[in-house]
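Asker: The structure that follows is given in the form of structure tokens.
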Protein chains: 4
Amino acid sequence: MSENGKRRIRLGMVGGGTGAFIGYVHRIASRLDNDYELVAGAFSSRPEVSRESGKNIGIDPSRTYGSYEEMAKKEAARPDGIEAVSIVTPNNVHAGPAKVFLEAGIHVICDKPLTSTLADARALAAVKPARGAKFLLTHNYTGYPLVRQARELVASGALGKIRVVQVEYPQDWLSLPADPGNKQAAWRTDPKRSGAGGAIGDIGTHAYNLARFVTGLKTAAVSADLQSFVKGRKVDDNVHIMLRFQGGARGMLWASQVAPGNENGLQLRVYGEKAGLSWRQDNPNQMWFTELGKPATLFTRGGAISQPPAASMNVRIPGGHPEGYLEAFATLYSQFADVIRGDGKAYAPLLPSLADGVEGVEFITASIASSKADGKWTKLSDV
Amino acid sequence: MSENGKRRIRLGMVGGGTGAFIGYVHRIASRLDNDYELVAGAFSSRPEVSRESGKNIGIDPSRTYGSYEEMAKKEAARPDGIEAVSIVTPNNVHAGPAKVFLEAGIHVICDKPLTSTLADARALAAVKPARGAKFLLTHNYTGYPLVRQARELVASGALGKIRVVQVEYPQDWLSLPADPGNKQAAWRTDPKRSGAGGAIGDIGTHAYNLARFVTGLKTAAVSADLQSFVKGRKVDDNVHIMLRFQGGARGMLWASQVAPGNENGLQLRVYGEKAGLSWRQDNPNQMWFTELGKPATLFTRGGAISQPPAASMNVRIPGGHPEGYLEAFATLYSQFADVIRGDGKAYAPLLPSLADGVEGVEFITASIASSKADGKWTKLSDV
Amino acid sequence: MSENGKRRIRLGMVGGGTGAFIGYVHRIASRLDNDYELVAGAFSSRPEVSRESGKNIGIDPSRTYGSYEEMAKKEAARPDGIEAVSIVTPNNVHAGPAKVFLEAGIHVICDKPLTSTLADARALAAVKPARGAKFLLTHNYTGYPLVRQARELVASGALGKIRVVQVEYPQDWLSLPADPGNKQAAWRTDPKRSGAGGAIGDIGTHAYNLARFVTGLKTAAVSADLQSFVKGRKVDDNVHIMLRFQGGARGMLWASQVAPGNENGLQLRVYGEKAGLSWRQDNPNQMWFTELGKPATLFTRGGAISQPPAASMNVRIPGGHPEGYLEAFATLYSQFADVIRGDGKAYAPLLPSLADGVEGVEFITASIASSKADGKWTKLSDV
Amino acid sequence: MSENGKRRIRLGMVGGGTGAFIGYVHRIASRLDNDYELVAGAFSSRPEVSRESGKNIGIDPSRTYGSYEEMAKKEAARPDGIEAVSIVTPNNVHAGPAKVFLEAGIHVICDKPLTSTLADARALAAVKPARGAKFLLTHNYTGYPLVRQARELVASGALGKIRVVQVEYPQDWLSLPADPGNKQAAWRTDPKRSGAGGAIGDIGTHAYNLARFVTGLKTAAVSADLQSFVKGRKVDDNVHIMLRFQGGARGMLWASQVAPGNENGLQLRVYGEKAGLSWRQDNPNQMWFTELGKPATLFTRGGAISQPPAASMNVRIPGGHPEGYLEAFATLYSQFADVIRGDGKAYAPLLPSLADGVEGVEFITASIASSKADGKWTKLSDV
């Protein structure tokens, strides 16, 4: 049972075999608050790899499957079958399993971006889930307590009308041609598996989603300049975008995989008529908030704060004891478990949805189109 | 099974009932890497509270016990009985259960400080564990990857001979008289349950242990000035200590619970003939290292580093994605699981031991004695 | 005499009367290294204000003038007349005096931006200075030692070919409608005096110049989105620009006067194939430099560094003792004094020139044009 | 004239010849606000060096003297003689000139520590200055605007009763045996010239003075552990001191010249019943202030603050434009000029006095005595 006396959700996994990074992260996230029990998996499209991976992490061999279709069918037929599934495959293998599981009435937890093409995304959005199956997109940065607090601050009017949004996600790990032996790099730089975008899809969407999550502003149009700096690379590795929001706010988004000295430098800054805030992922337990004409204040996770309600922020340990990436990821998982169990009404609006996923792919598509059109301002609905 | 295909250890817990902070932390730590399965508990000395707590977290009622003695006896008799137990009670209830379980051949994971009296500590050290039962003291800060790296840097000679050690652990949460309703504060400020010390035992020992862990220096003597600032408080809430190490190095230790603006500001700085380093818990994914005459460098967890071996540091996710307190805690748990399973030889020297626990209580006792003697330099062996 | 046994330059000032900010700064800058002696001034276009201001700062009344034309004429005729003049008036009163003094053979030190219109800038560039009179534009941020070092690092090839340049200059002081009584705000938000631009001219040019100074990259084109957020404001107060450099590098520039929590947050980040660097004005004694695959290093002003030669950086005090804005400003002054005295050959390439000033106004003009054309990529030579 | 229309003070200098660091700093400080005119000097005890130095910085040869005695006598006799003198010699040559000039009715600005022996300090305190000559000790860190604000915050009661004071001043420049060619290092490590102390006198007194200046607390006793780590060094290079203040507050002071990675890391932290603050010299334009139970706030120099009056803080430029070491030094000079001119009543209590200097030497002496007595708590009045 979970820490709160709630029953655990039976979980399956698609992808995440030996050597995969994000599958491992999803498993920790599912475990941390004890809201799930991983009982089945199709860990690889190669059956023997799937079997071996399942064995390594202790899955009953009879529930380690060679394909996600098989898993969906057999698990749906079991009385103790999985209630939810985590999809942690490359981008081009999200839509397929998501559709199958939703139609089997199994809740879906899917890594981002939603799909590798806009057609896939829109088709997936049209799927009718059986038995009210729910969908969670793991834009994990929205799970950080202070990101939740930032959203609440904006919503409360503490910043006044928003004017300027600066968001960025610089990395340096693809500054050189990708090592063919690096599984993470290989599929991310292969347009067939990642989709048309490189940095724009892998980290640009995270940055975009974070800005949207915190500000609540709707996007009017984007003007993009995407670049591929590394010789031979087939997808973008640096993204410059100007943003116009409905209501008049303006923004800038920078994502890069070729910026030496940056590991995972996701940063958001939001400025309104009355106040501004800023937050960085590499020290996520701090957030700056400054009211115009007053000294800057530093909010800390679990610190001297009053809103939003601590429950929605899922603060596990006292302020000053750092929480990190895995805890934020786990918060999405545990709050989605509450949604599944029917007592997560309060959290549902905080959890990235299928619609968010479609918008993310529209953002990618519109940005690529704008860049090809020499920076033409492009609406998401234009693509 | 664990993420590495290893079997899970059957775990029990003493203390940690509803509302307890550190029991909750131990449970997450035991779960994060999937190396343990919590199957039994004596969660409270009040049987009905123990039962209710066990029920909330999903323990089989037949394995929720009313006392740790009962649990030790019955679990030792089961073929599927617990192999290890976590002791997460107030300080004065560490020695009792630790002795019982060690003598029952059950491995012990015990919160710090080891005991509330030096007599208890030394008696516990004299216990003969049955069937090779092992002991882990959860000085959790030693589990941070960069703390491990700091230790390795010192051991490698990169700093040269150590001259100066500055360690501190300021907090502010006891700046006012403790709220009687705050369970955490209540026992920590009650000399009967915490031992003679207040801040010295609760956080001073952490700071002391961290300095010892990283530098490997043995303590020659301490000169202490302990103070109780809050009216009516019966234990110290501010600790000033000068340290002399064998071989000539000098140090200072400051621990405080009355320093407004500090949440859990554990910080260690070490200076040798050739280089210096510094690390802070509130941003634990960074460590400064500066060679004399060169620019300062910033090491990051999982970043561009080569030593010590990543395995010993238990780096789970890429650099720039922050890990925190729970991950460090979990690393002690998962490496102790390897020790229990017989494949943790490489980690054993890194895990805080019963001997470290005895030294910690000696440190507390010697510091209190020195302070009473107006700062007289006092050896740990003098008490 | 200066600290180095060199004779002091006789200096005059245009503008900078009582209550003016930047004139006061120029005076301190001229004095700090003792390379100038202020002996004359036309401190205001209102003669009585000029007289009063001159009296307050100890100028001989016979050399306090009612107009810059009068000053140029009379001083040029004196055997002990001024050798150089500082022009510290609003933007629209730069071109006039600059022309007059250059044609009188008096060296000119002029605040930025060069002029309020491009026509003025180009006309000024066509002026033939008498007797080799030199020109200095006070893009003062280029005087910071670490900015000099950043330039040298790029020039040395330490970063490899530059790919990405991120520069920004956020402020918050104009978040509300300008107080009519604030002299600084009044002329800066008046298009007649500041030129067509607001933030773009006041701080955007500083950011642009800094990026150009450090990287040496030539600009290919700009795509801008300028905005005026404060009701009734006639000039831009937020500037978003994407940059394309010759040779393929890309950049972003953000300047804002409506970003609460930012005082003078000038920041430059440069990323090349081999390394990256970043520097912020609000802590200008530190600069990050990170080689790909190595830990980040922190260079400090006057610290453990070897290049460029300390002389060109004008390091006055040991590392760890902070220098600031006034010292950087003073370095431009003192190195220009060397140029005037004929022994500044080494520094001349480091000092912002009239050509830099023309380019700055082209940048302003092109950005405004691009913004009006909905972000059309615009070359500086197109305007 | 100064920037405020006040007449300039005629200044002389003792010491500060070519190659001297602190004399150069004093000259810049005297010049920055234009409150002084340097017109005479005895720059070295070797007459030819004095002459050469005077020539280099533009002093009339007839007013460049071979000894301070000669300078005092001749300048006192001139109608346009110096009104004030800066003493910037090694510690053992402070008392001599200070006495002579005070008795000649010339105001004295003296570098710290006051003298190299306590006897000298007390003798100097007994001198009767002629014609009301004043004395300024350049504990320059007290000139930082935020240090002034910290003092005001404490005095206002914003922190409540002070409990804990942590002050430190680590450096690394003497980690190796001093280069005999380094003039700064040579006299500082020579007990004859520096006095009995090394780090304790050079930087320990600065740290002590800063703590006293900000808190206003009077010292009850010190318990010290001084160490000399570098082989062959005759004075201490690492200082550990526990402090007891009258009224019950406790403190720690650490000063070190052998801490690699520290340039001039002066830092002060003060904790009271209601709030805490901290300030570091290496980024002196920021100060943390945290009220118990509220988020930390960051005060900036010239930022959104209201007290103390800006005038006493001598804020020259807007917040976010950094000021540094030279500006703080200059503030002592310019406010002392006001004292000399009779309009500095408001600043007088802020300027380090002869009495502060005597206390500083008592602090040095008591600390050395305590360290020799194995850390015995020692009152300043005991030495």
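The values are calculated or read from the model by the stated rules, or taken from the named source; none is laboratory data. Computed from a prediction, not measured in an experiment: that's the story for all the values here. Methodologically, a virtual Cβ is constructed for each residue, glycine included, from the backbone with ideal geometry; neighbour enumeration extends over all protein chains shown. Note: areas computed on protein heavy atoms with side chains; ligands, DNA, RNA excluded. Shrake-Rupley method; radii C 1.70, N 1.55, O 1.52, S 1.80 Å.
Asker: Can you give me the long-range amide H partners of B:Arg163? Hydrogens built in the peptide plane at 1.01 Å from N, cutoff under 5 Å, separation of 5 or more residues or another chain.
Answerer: Excluding prolines and chain starts, which carry no amide H, the hits are B:Tyr271, B:Gly272, B:Glu273.
Asker: Measuring label to label, 7 Å along Cα→Cβ, what does A:Arg131 give against each other copy in nm, shortest first?
Answerer: 4.2, 9.6, 10.2
Asker: Can you list residues from other chains, or at least 5 along the same chain, whose modelled amide H is less than 5 Å from the amide H of D:Leu38?
Answerer: Amide H neighbours of D:Leu38: D:Leu11.
Asker: In this model, which of A:Lys6/A:Lys99; D:Lys183/D:Lys379; C:Lys192/C:Lys231; B:Lys99/B:Lys231 are farther than 30 Å apart at the alpha-carbon?
Answerer: Going by Cα-Cα distance, D:Lys183/D:Lys379; B:Lys99/B:Lys231 fall outside the 30 Å limit.
Asker: For the protein assembly as shown, how big is the tail of P(r) above 53 Å, as a whole percent of Cα pairs?
Answerer: I get 33 percent for the Cα pairs in the protein assembly as shown exceeding 53 Å.
Asker: Explain nothing, just the number: relative contact order of region A:119-268, from Cα pairs under 8 Å at least 6 residues apart, as a whole percent.
Answerer: Dividing the mean separation by the residue count of region A:119-268 yields 32 percent.
Asker: Rounded to the nearest whole Å², what accessible area per residue is found for region D:115-245 with the 1.4 Å probe?
Answerer: Numbers: 4360 Å² over 131 residues.
That works out to 33 Å² per residue.
Asker: Could you tally the net charge around B:Gly375, taking each other residue with its Cβ under 12 Å from the Cβ of B:Gly375, Lys/Arg +1 and Asp/Glu -1?
Answerer: +1
Asker: Between C:Asn182 and D:Glu69, take the C-beta separation as r, use R0 = 56 Å, and let me know the FRET efficiency to the nearest 0.05.
Answerer: Rounded to the nearest 0.05, the efficiency is 0.55.
Asker: Okay, moving on. Please give the average number of partner chain Cβ atoms lying within 10 Å of the Cβ of each residue in C:285-292, rounded to a whole number. Don't skip to the answer; put the middle values down first.
Answerer: Numbers: counts 6, 4, 1, 3, 3, 9, 3, 9.
Averaged over the peptide's residues, the number is 5.
Asker: Also, quick follow-up: May I ask you to order A:133-140, C:191-198 by the average number of other C-beta atoms within 10 Å around their residues, highest value first? Mind dumping the intermediate values first?
Answerer: Numbers: A:133-140: 23.6, C:191-198: 20.5.
With the highest mean Cβ count within 10 Å placed first, the list reads A:133-140, C:191-198.
Asker: If you put +1 on each Lys and Arg Cβ and -1 on each Asp and Glu Cβ, how big is the dipole of region D:286-370 around its Cα centre, in Debye rounded to 20?
Answerer: 280
Asker: While we're looking at this one, here's another question. Quick check: net charge around C:Leu32, other residues with Cβ under 14 Å of its Cβ, Lys/Arg +1 and Asp/Glu -1?
Answerer: Here the count lands on -4.
Asker: Also, I was wondering about something else. Starting from a label point 7 Å past Cα on the Cβ side, list the distances from A:Ala155 to the same position in the other copies, nm, shortest first.
Answerer: Result, one decimal in nm: 4.7, 4.9, 5.4.
Asker: Still on this structure, I have one more. Across every pair of different alpha-carbon atoms, what Kirkwood hydrodynamic radius in Å does chain A reach? Present the calculation step by step, with values, prior to reporting the outcome.
Answerer: Working: mean 1/r = 0.0471 Å⁻¹.
Its Kirkwood hydrodynamic radius stands at 21.2 Å.
Asker: Assume the label is 7 Å from Cα along Cα to beta carbon: what separations in nm does B:Pro191 have to the matching positions in the other copies?
Answerer: 4.4, 7.7, 7.8
Asker: Counting only other chains, and only Cβ atoms inside 10 Å, what mean value do you get across the residues of A:262-273?
Answerer: 5
Asker: Using 10 Å bins from zero, what percent of all Cα-Cα pairs in region D:286-383 falls into each bin?
Answerer: 13, 27, 24, 27, 9, 0
Asker: Kindly compute the accessible surface that chains B and D hide from a 1.4 Å probe when together, both sides summed, and give it to the nearest 100 Å².
Answerer: Buried area (both sides, nearest 100 Å²): 3500 Å².
Asker: Run the accessible area of region D:297-383 with a 1.4 Å probe and give the carbon-and-sulfur part as a rounded percent.
Answerer: Carbon with sulfur: 56 percent of the solvent-accessible area.
Asker: Can you list the residues, at least 5 places off or on another chain, whose amide H is less than 5 Å from the amide H of D:Ile82, using H built in the peptide plane?
Answerer: none
Asker: Show me the ranking of peptides D:257-264, C:371-378, C:266-273, C:115-122 by mean Cβ neighbours inside 10 Å, starting with the highest. Before the final figure, lay out the partial values.
Answerer: Numbers: D:257-264: 26.4, C:371-378: 17.6, C:266-273: 24.0, C:115-122: 20.0.
So the peptides D:257-264, C:371-378, C:266-273, C:115-122, ranked by packing, come out D:257-264, C:266-273, C:115-122, C:371-378.
Asker: With only alpha-carbon pairs counted, each pair once and no self-pairs, how large is the Kirkwood hydrodynamic radius of region D:326-368 in angstroms?
Answerer: Averaging 1/r across every pair of different Cα atoms and inverting gives 11.6 Å.
Asker: Separate question: In whole percent, what relative contact order does region C:1-106 give with Cα contacts below 8 Å and a gap of six or more residues?
Answerer: Taking the mean separation of contacting Cα pairs over the length of region C:1-106, I get 30 percent.
Asker: In whole Hz, what ³J(HN,Hα) sequence does region A:15-30 give by Karplus (6.51, -1.76, 1.60; θ = phi - 60°), x for Gly and Pro?
Answerer: x, x, x, 3, x, 7, 7, 6, x, 4, 4, 4, 5, 4, 4, 6
Asker: Still on this structure: With Cβ to Cβ distances under 14 Å as the rule, what net charge do the other residues near D:Ala119 carry (K, R +1; D, E -1)?
Answerer: Working: positive: D:Lys99, D:Arg122; negative: D:Asp120, D:Glu362.
Once positives and negatives cancel, what remains is 0.
Asker: Which whole-Hz couplings ³J(HN,Hα) result when phi for each residue of region A:112-121 is put into the Karplus expression 6.51 cos²θ - 1.76 cosθ + 1.60, θ = phi - 60°, listed in order with x for Gly and Pro?
Answerer: 9, x, 3, 8, 9, 9, 5, 4, 4, 4
Asker: So what J values fall out for region A:42-57 if you push phi through Karplus, 6.51 cos²θ - 1.76 cosθ + 1.60 with θ = phi - 60°, rounded to Hz, Gly and Pro as x?
Answerer: Those phi angles translate into 10, 7, 7, 6, 9, x, 5, 5, 4, 4, 4, 5, x, 4, 4, 9 Hz.
Asker: Counting only other chains, what is the mean number of Cβ atoms within 10 angstrom of the Cβ of each residue in peptide C:171-181?
Answerer: The per-residue average across the peptide is 3.
Asker: Which whole-number percent gives the relative contact order of region A:1-45, counting Cα pairs below 8 Å spaced six or more residues apart?
Answerer: Numbers: 61 pairs, mean separation 24.2, N = 45.
After rounding, I find 54 percent.
Asker: With only Lys, Arg, Asp and Glu charged, each at its Cβ (+1 for the first two, -1 for the last two), find how big the charge dipole of the protein assembly as shown is about the Cα centre; round to the nearest 20 debye.
Answerer: Using Cβ point charges on Lys, Arg, Asp and Glu, the protein assembly as shown gives about 0 debye.
Asker: Which aspartates and glutamates have a Cα less than 15 Å from the Cα of C:Lys112, not counting those fewer than 8 places away in the same chain?
Answerer: Candidates past the 8-residue exclusion: C:Asp120, C:Asp202, C:Asp356, C:Glu359, C:Glu362.
Asker: Nearest 500 deg cm²/dmol is fine: what mean residue ellipticity at 222 nm does chain B get from its DSSP H runs of n ≥ 4 alone, each adding -39,500 (n - 2.57), divided by its residue count? Walk me through the numbers on the way to the answer.
Answerer: Values: 12 runs with 121 residues, N = 383.
Theoretical 222 nm ellipticity from helices: -9500 deg cm²/dmol.
Asker: Also, I was wondering about something else. Of the options B:Ile106, B:Ser116, B:Leu32, report the single residue whose Cα projects farthest towards the positive end of the charge dipole of region B:11-153 (beta-carbon charges: Lys, Arg +1; Asp, Glu -1).
Answerer: The residue sitting most towards the positive pole is B:Ser116.
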